[in-house]
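Chemist: First, the structure itself, so that you have it in front of you.
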2 protein chains.
Amino acid sequence: MTKITLASAQINTTVGDINSNAKKIINFIQKAEKKKVNIITFPELTITGYPPEDLVHYDHFVEANIKKIKEISKSVKNITTVIGFVNKIKNKLYNSAAVIQNKKIKYIYNKIYLPNYGVFDEKRYFYPGNEIPIFNINNINIGVSICEDIWEDGGLVAIQARRGAQIIININSSPYEYDKYAKRVNLIKNISNKNKVHVLYTNQVGGQDELVFDGGSLLTDDKGEIISSSERFKENLMITTLEIKNKQKEKKEKKEKYITKNIKLNRFENSNQNILPKVPNFSKIDSIYRAIILGTRDYVIKNNFSRVLVAVSGGIDSALVAAIAADAIGPKNVLAVSLPSKYSSDNSYKDASILCENLGLELIKIPIKNIHKSFDSSLEKLFEKSKPGLAEENIQSRIRGNIMMALANKFNFLLLATGNKSEMATGYGTLYGDMAGAFSCIKDVSKTMVYEICEHINKINSYETIPVNIINKPPTAELRPNQLDSDSLPPYDKLDLIIKLYVEKKFSPDKIAREFKKKFGYMNKKLIIENINLIDRNEYKRRQSPPGIKISNLALGKDRRLPISSGWKNT
Amino acid sequence: MTKITLASAQINTTVGDINSNAKKIINFIQKAEKKKVNIITFPELTITGYPPEDLVHYDHFVEANIKKIKEISKSVKNITTVIGFVNKIKNKLYNSAAVIQNKKIKYIYNKIYLPNYGVFDEKRYFYPGNEIPIFNINNINIGVSICEDIWEDGGLVAIQARRGAQIIININSSPYEYDKYAKRVNLIKNISNKNKVHVLYTNQVGGQDELVFDGGSLLTDDKGEIISSSERFKENLMITTLEIKNKQKEKKEKKEKYITKNIKLNRFENSNQNILPKVPNFSKIDSIYRAIILGTRDYVIKNNFSRVLVAVSGGIDSALVAAIAADAIGPKNVLAVSLPSKYSSDNSYKDASILCENLGLELIKIPIKNIHKSFDSSLEKLFEKSKPGLAEENIQSRIRGNIMMALANKFNFLLLATGNKSEMATGYGTLYGDMAGAFSCIKDVSKTMVYEICEHINKINSYETIPVNIINKPPTAELRPNQLDSDSLPPYDKLDLIIKLYVEKKFSPDKIAREFKKKFGYMNKKLIIENINLIDRNEYKRRQSPPGIKISNLALGKDRRLPISSGWKNT
């Protein structure tokens, strides 16, 4: 009988901050030591944070990370510690896991499957590993793998299991997408069951620019059942003790140099207070909201800001962003600004002020009428021969952008932009105007989903945090008299379906038309073609938009890389 | 004796514009047919343009490209035609070359070496090929390869030569960098000489977003001497006739299924009017200027604009951009705008107006004093307790951004931003202010090089196109009284060295300090650390900056991908 205690350190690292990441690692190791943990695992690229991007092209950065892993290893005594770092062998870089025992790096595993799609560019940086070491601790055989390695069916884990691995340690920096957690859990359960191995899955938690890592670390038994799981969107040290009976039978494949004793797990005990009895069941909208809160908070903090600015128009997008900001960093750290123009209705300010009262935000009002007038008179002669149009509308939006940035610059606020995915996709927003800001929390949230999240917030708060009036009124940019979004765009339920199918699913116009008919009962190919070409044409705006949090399968950011100059026309 | 006439079609395609690319291809084939060309070659990914980026993730786009290559092939009779396209085999995509003969695609070569560094993301899109076909035309053995394939030493060309290839066709979309052409020519000469093969090197020409393809297509003999070369930065059909004596001896390696007759070239004749007798010798600065002109012109045209706007301050950066614009699309299509503030000197306007006169540009003046005043009074109360600083300076710059965008929106101009690489690197520019614009022509041009290019322009024009007064006065943003760039930044010769070594060479601070000492005779590590950390900190600004033309080994754009949220500190 062998007893083994496993810990999964689901920590929030900061890209590039090697020193503070190391401090956190050591802190978690010490906590685990107190709990008599035998093995503790940390996320993928723990030392550098993930993704370090082109920082790893700097030799002195890579050297600092190697120096740090060696330094940490010297302080690690009896506890086996698995830490992600950038490994360098003959001038080639690897995405690696160091297995540290008794003050020494005893094994290094180099990631074999390097993702190079979506938001991932790992082949830009790393060479693939080609060795699959198995290490032995307390007479138990353990295989290490990194993230993508276990997503390859019939791949690495099968080889490790054949070689006698009983526990697979898989360290991750797997970004959040709203339907990924279920996939991930199923994958781990299947891999675990199929190969008769425990899987200790450790994921990073926290926000990094466009990405949010949701944690959700897990331990399965060798039948694929979940033994322990960590709450998502939070740091956590998940500790589980397994008691194991040795099987005497040796593996046949003698030629393999790896230790191949086959030991069967008998029972487990769960010694961690933070462990949930089963996988926590956040609803889709709830998990999206938590991801955005975490992503926003970390963007603010990791960029050394403590306060944010939001321009509240009285509309639903800015209401949601204000609510997110209040939740992410506390209402006292959020300044809301109302910037009414001559086209703004009194109700807009009223709604904004009720919202801010509900959220506990300070609201200041800076009317833009006079500034607007001064632009008008400066441009009067030049513009006198043409009808007022988009140019005049954008001037107002850019006056607001200027004021918000002036406040941000003056008082050291970080400005949050309020554009949603439907606007970002179609270019329904003003570059340097309402699109101005350091971070765009709801950039990957469709307008339809903006409503869902607002209703979710009101539900969890059990009262109208976001005034129903804001939810119910027809969307408008208020840049000309009686303007409505529906003057320029199709109804959002239709538009959002088109965006989802074109951007996320990459469907052809014909396929979109068929799906559209399925949902709405009629086909409108002209509408579809117009809108997907509108999406293509607005790449130039997106390229200058602030980064925002990816929550879908395909966000508008580094997930989607399209030419600005393009002669492609969907027909 | 075999006579063979080769043509290299150095054409300017448009990404995504499959129809117009096909028309151009057919047009060049017809031209070549009239000249009795036996083989004509087109650039890499001719059908789709290069780089098509995530467009190839759309099935219907890839299908359209395949349909088009088949359509073209039906019109190709006796002339062997090599065209780049996206190939699809069992749902995998390849970067491929179709060899078309007698109305049929006879061979397809799939690129083997896929670049995935710098500005290249080919592993995001394509699988590598694994076959090296040799085809025979007029009893001459020909091997095909694509771009990167010949940059691998001892790789593909050696195998093809061993298999009897006498001519290597290499099709390219190789972007311009100011020191790349010489490397490229040397590479081709060496490869050709080492393997005793002719190399017909065909490169794309034209601008595509951040990239400029400079053409420079070449034909070498089998000793590595250049027989023909195409002028760079222009479309060209380079035609060369070779007369060849057959060698009777067969190759030994019978088992290889490729045709392996070894035929030796005897002499060549050159029938193309456009061919230069030797490699054209543009100076470094001349080639940079041509690249920027081409990149700017194509960005404007390919985005369906015909006119551009430039804000001219009287400073050297905007003077250069105005000169570029005039040269790229003609002075009648450029509107220059002067936007004096209360801090602008009268000389600034005078200099701007002499510049515009020299360039033949219309100049309009829109003073921003009144608008500035209206901002001041709107923000008076909020700002009264603090000293004027950056916030106040930026307001002026963003008023200008707003006016320029209003003009652009109103009259359908494309706005050119005027920031140089030294400013982009250090963040010495105002987001949404002077950084506003659709395209940033001199984004990869250091301040030091801005001066060099201006002097070059004056030299080639044989008179002071750019007034010497603009060249000689100390750089200033004129956003506060008596402001100078040197208040905030080190002298540009020092700064530019630091930027070059940190950004382009990716040196560590210590290595930069050593190089700095070599050049300037003293070491100032503090200055270096301050400035490279300034570069790192300003990633957030660059992320929202307009795209600009890459001319260096490493431009600030998709060439350099760094986290915004980063705890890394150079020490």
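Chemist: Going by the conditions given, is A:Ile227 part of a helix (DSSP H, G or I) and touching a strand residue (DSSP E or B) at 6+ places or on another chain (Cβ under 7 Å)?
Modeler: Against the criterion (part of a helix (DSSP H, G or I) and touching a strand residue (DSSP E or B) at 6+ places or on another chain (Cβ under 7 Å)), A:Ile227 does not qualify.
Chemist: Between a residue in the stretch B:363-376 that is without any contact (Cβ under 8 Å) to a residue 60 or more places away in the chain and at the interface with chain A (Cβ under 7 Å from one of its Cβ atoms) and any residue that is in a loop (DSSP other than H, G, I, E, B) and among the aliphatic types (A, V, I, L, M), which pairs come within a Cβ distance under 8 Å, given they are 6 or more apart or on different chains?
Modeler: Close Cβ pairs satisfying both conditions: B:Ile366/B:Leu339.
Chemist: Being surrounded by fewer than 24 Cβ atoms within 10 Å (Cβ to Cβ), of a type in the set (Lys, Arg) and either in contact with a strand residue (DSSP E or B) (Cβ under 8 Å, 6 or more places away or on another chain) or at positive phi (or both) is true for just one of B:Lys111, B:Lys74, B:Lys70. Which residue is that?
Modeler: B:Lys70
Chemist: Ok, one more. Just to be sure I understand, how many residues within the stretch B:523-571 are of a type in the set (A, V, I, L, M), under 20 Å from B:Asp510 (Cα atoms) and within 13 Å of another protein chain (Cβ to nearest Cβ)?
Modeler: Qualifying residue count for the region: 4.
Chemist: Is there a residue in the stretch A:139-156 that is more than 22 Å from A:Val37 (Cβ to Cβ) and either among the small types (Gly, Ala, Ser) or at pLDDT 95 or above (or both)?
Modeler: yes
Chemist: Any residue that is more than 28 Å from A:Ile301 (Cβ to Cβ) and of a type in the set (Asp, Glu) - is there at least one of those in the stretch B:505-519?
Modeler: Scanning the stretch B:505-519, I find at least one residue that is more than 28 Å from A:Ile301 (Cβ to Cβ) and of a type in the set (Asp, Glu), so the answer is yes.
Chemist: Looking only at the stretch A:183-222, which residues are within 20 Å of A:Val157 (Cα to Cα) and either without any contact (Cβ under 8 Å) to a residue 12 or more places away in the chain or within 14 Å of another protein chain (Cβ to nearest Cβ) (or both)?
Modeler: A:Lys183, A:Asn186
Chemist: Related question: Scan the stretch A:99-110 for residues that are closer than 13 Å to A:Gly129 by Cα and touching a helix residue (DSSP H, G or I) at 6+ places or on another chain (Cβ under 6 Å) and jot them down.
Modeler: Answer for the stretch A:99-110, where residues must be closer than 13 Å to A:Gly129 by Cα and touching a helix residue (DSSP H, G or I) at 6+ places or on another chain (Cβ under 6 Å): there is none.
Chemist: Name the pairs whose Cβ atoms lie under 8 Å apart, with the first residue in the stretch A:465-493 and closer than 20 Å to A:Cys454 by Cα, the second small (Gly, Ala, Ser) and loosely packed, with under 14 Cβ neighbours inside 10 Å, and 6 or more positions between them or separate chains?
Modeler: Partner pairs satisfying both residue conditions: A:Pro474/A:Ser486; A:Pro475/A:Ser486.
Chemist: Looking at the stretch B:519-571, which of the residues that are in a helix (DSSP H, G or I) and among the aromatic types (Phe, Trp, Tyr) is nearest to the chain's Cα centre (by Cα)?
Modeler: Here the residue is B:Tyr540.
Chemist: Take the residues in the stretch A:7-26 that are of a type outside the set (A, V, I, L, M, F, W, C) and more than 19 Å from A:Ile66 (Cα to Cα), then tell me which one is nearest to the other protein chains (Cβ to nearest Cβ).
Modeler: Once the filter is applied, the top-ranked residue is A:Asn12.
Chemist: If you don't mind, there's one more thing I want to ask. Kindly provide the set of residues from the stretch A:83-98 that are more than 23 Å from B:Arg560 (Cα to Cα), out of contact with any Gly (no Cβ under 9 Å at 6 or more places or on another chain) and buried (at least 23 other Cβ atoms within 10 Å of the Cβ), ordered by number.
Modeler: Result: A:Ile83, A:Gly84.
Chemist: For the subset of the stretch B:393-406 comprising residues that are more than 16 Å from B:Asn370 (Cβ to Cβ) and more than 7 Å from chain A (Cβ to nearest Cβ), which member is nearest to the chain's Cα centre (by Cα)?
Modeler: B:Met404
Conditions (1) in the same structural domain as A:Glu455 (by TED's automatic domain parsing); (2) within 30 Å of the chain's Cα centre (by Cα); (3) within 30 Å of B:Gly567 (Cα to Cα); (4) among the hydrophobic types (A, V, I, L, M, F, W, C), marked per residue:
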| position | (1), (2), (3), (4) |
| --- | --- |
| A:Arg290 | no, yes, yes, no |
| A:Leu320 | yes, yes, yes, yes |
| A:Lys350 | yes, no, no, no |
| A:Phe375 | yes, no, no, yes |
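Chemist: Further question: Going through the stretch B:314-347 one residue at a time, which ones are in a loop (DSSP other than H, G, I, E, B), closer than 21 Å to B:Glu464 by Cα and in contact with an Asp or Glu (Cβ under 7 Å, 6 or more places away or on another chain)?
Modeler: B:Gly314
Chemist: Any residue at all in the stretch B:166-180 that's closer than 23 Å to B:Leu114 by Cβ, at pLDDT 90 or above, assigned by TED's automatic domain parsing to the domain that holds B:Lys77 and assigned to a helix (DSSP H, G or I)?
Modeler: For the stretch B:166-180, residues closer than 23 Å to B:Leu114 by Cβ, at pLDDT 90 or above, assigned by TED's automatic domain parsing to the domain that holds B:Lys77 and assigned to a helix (DSSP H, G or I): present.
Chemist: I'd like the full set of residues that are under 14 Å from A:Arg400 (Cβ atoms) and assigned to a loop (DSSP other than H, G, I, E, B), limited to the stretch A:357-382.
Modeler: A:Ile366, A:Pro367, A:Ile368
Chemist: Shifting gears a bit: Condition first: under 21 Å from B:Ile4 (Cα atoms) and either among the hydroxyl-bearing types (Ser, Thr, Tyr) or surrounded by fewer than 24 Cβ atoms within 10 Å (Cβ to Cβ) (or both). Now tell me which residues in the stretch B:190-217 satisfy that.
Modeler: If the condition is that a residue be under 21 Å from B:Ile4 (Cα atoms) and either among the hydroxyl-bearing types (Ser, Thr, Tyr) or surrounded by fewer than 24 Cβ atoms within 10 Å (Cβ to Cβ) (or both), then B:Ser192, B:Asn193, B:Asn195, B:Lys196, B:Tyr201, B:Thr202, B:Ser217 are the ones that fit.
Chemist: Here's another thing I want to ask about it. Give just the number: which of (1) assigned to a helix (DSSP H, G or I); (2) of a type outside the set (A, V, I, L, M); (3) in the same structural domain as A:Lys443 (by TED's automatic domain parsing); (4) in contact (Cβ under 8 Å) with a residue 12 or more places away in the chain does A:Asp298 not satisfy?
Modeler: (3)
Chemist: On the basis of being within 14 Å of another protein chain (Cβ to nearest Cβ) and at pLDDT below 95, does B:Pro128 make the cut?
Modeler: When the stated conditions are applied, B:Pro128 passes them.
Chemist: For A:Asn116, indicate whether it is in a loop (DSSP other than H, G, I, E, B) and at pLDDT 90 or above.
Modeler: Here the answer is yes, as A:Asn116 does meet what is asked.
Chemist: Next question, about the same structure. Any idea which of A:Asn95, A:Asn87 is in contact (Cβ under 8 Å) with a residue 40 or more places away in the chain, of a type outside the set (D, E, K, R) and at negative phi?
Modeler: Just a single option satisfies the conditions, and that option is A:Asn95.
Chemist: From the residues in the stretch B:351-392 that are of a type in the set (S, T, N, Q) and out of contact with any Pro (no Cβ under 9 Å at 6 or more places or on another chain), which one is farthest from A:Phe375 (Cα to Cα)?
Modeler: B:Ser386
Chemist: Can you pull out the residues in the stretch A:409-445 that are surrounded by fewer than 23 Cβ atoms within 10 Å (Cβ to Cβ) and at the interface with another protein chain (Cβ under 9 Å from one of its Cβ atoms)?
Modeler: Of everything in the stretch A:409-445, those that are surrounded by fewer than 23 Cβ atoms within 10 Å (Cβ to Cβ) and at the interface with another protein chain (Cβ under 9 Å from one of its Cβ atoms) turn out to be A:Asn409, A:Lys410, A:Phe411.
Chemist: Identify all residues within the stretch B:377-392 that are more than 7 Å from chain A (Cβ to nearest Cβ) and buried (at least 20 other Cβ atoms within 10 Å of the Cβ); write none if there are none.
Modeler: B:Glu392
The values are calculated or read from the model by the stated rules, or taken from the named source; none is laboratory data. Note that this is a predicted model, so its numbers are computed, not measured. Positions of Cβ are backbone-derived with ideal geometry, glycine not excepted, and every protein chain shown enters the neighbour counts.
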